[in-house]
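In what follows, a single structure is set out as structure tokens and then discussed.
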Amino acid sequence: MVHPTQETRSRVALHVNGERYELDVDHRVTLVDLLREHLGLTGAKKGCDHGQCGACTVLLDGRRANACLLLAVAHDGAEVTTVEGLGDDGRGPHPLQEAFLARDAFQCGYCTPGQLCSAVGLLDEAAADPDGADLSRAGIAEAMSGNLCRCGAYPRIVDAVRDVVAARDGGRVVA
């Protein structure tokens, strides 16, 4: 039972896709619910609500995160990037978005926003630690294994990521 004197809401400031937002939110609101219901950013999907499918994957302070597992109030001041924030208005879609289109790396599209955010995070992690990154077909598949695709587009998703790696590395890819 909540007593009237107990605080159940807090003011949260987040930087989402480059814009600052300040909101009063219930302490129980997850990051995915804040994005979808409070900010109208519906790219991150609600799949399992248990962190098992990856449909809600966003970048939180530059790292891949399942937004369904995170309480919004715990991330006051954080930088959040959703699929809506991947493209640059001045340059167009993110290279991974273009590669997903070129490779037809989606069918129903439900998992695509989470797959894209996860792939961007993977490439950023690889750029930060090139010696520790396994960007082979098997390495990409393993690194993306937290993002499920109910349509089975995995080979095309891996191909799209490899295309971006090859373009970034001057055409060189690991088997």
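Some values worked out for this structure:
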| quantity | calculated |
| --- | --- |
| Residues within region 73-98 that are more than 13 Å from the chain's Cα centre (by Cα) and part of a helix (DSSP H, G or I), tallied | 5 |
| Conditions (1) surrounded by fewer than 20 Cβ atoms within 10 Å (Cβ to Cβ); (2) under 19 Å from the mean Cα position of the chain (by Cα); number of the one not met by ASP134 | (2) |
| Qualifying residue in region 135-157 (condition: under 18 Å from PRO93 (Cα atoms), β-branched (Val, Ile, Thr) and modelled with pLDDT of 95 or more) | yes |
| Residues (surrounded by fewer than 17 Cβ atoms within 10 Å (Cβ to Cβ) and closer than 20 Å to ARG63 by Cα) located in region 144-162 | SER145, GLY146 |
| Residue count, region 15-72 (criterion: assigned to a strand (DSSP E or B) and of a type in the set (Asp, Glu)) | 4 |
| Neighbours by Cβ (under 8 Å, 6+ apart or cross-chain): first from region 90-110, free of Cβ contacts under 8 Å to residues at least 12 places away in the same chain; second in a loop (DSSP other than H, G, I, E, B) and crowded, with 18+ Cβ neighbours inside 10 Å | PRO93/LEU86 |
| Hits in region 106-115 (condition: farther than 9 Å from CYS149 by Cβ, assigned to a helix (DSSP H, G or I) and open to solvent by 10 Å² or more (accessible area, probe 1.4 Å)) | PRO113 |
| Selected residue [over 18 Å from ILE157 (Cβ atoms) and surrounded by 13 or more Cβ atoms within 10 Å (Cβ to Cβ)] from LEU59, LEU86, LEU69 | LEU69 |
| Contacts under 7 angstrom Cβ, first residue in region 43-58 being of a type in the set (Asp, Glu), partner buried (at least 19 other Cβ atoms within 10 Å of the Cβ), 6 or more apart | ASP49/CYS68 |
| Residue, modelled with the highest pLDDT, within region 89-103, restricted to residues that are among the charged types (D, E, K, R) and surrounded by fewer than 18 Cβ atoms within 10 Å (Cβ to Cβ) | GLU98 |
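The values are calculated or read from the model by the stated rules, or taken from the named source; none is laboratory data. All values derive from a computational prediction rather than experimental measurement. No Cβ is skipped: glycine too gets one built from the backbone with ideal geometry, and neighbour counts run over all protein chains shown. These area figures cover heavy atoms from the full protein model, side chains too; ligands, DNA and RNA do not enter into them. Shrake-Rupley method; radii C 1.70, N 1.55, O 1.52, S 1.80 Å.
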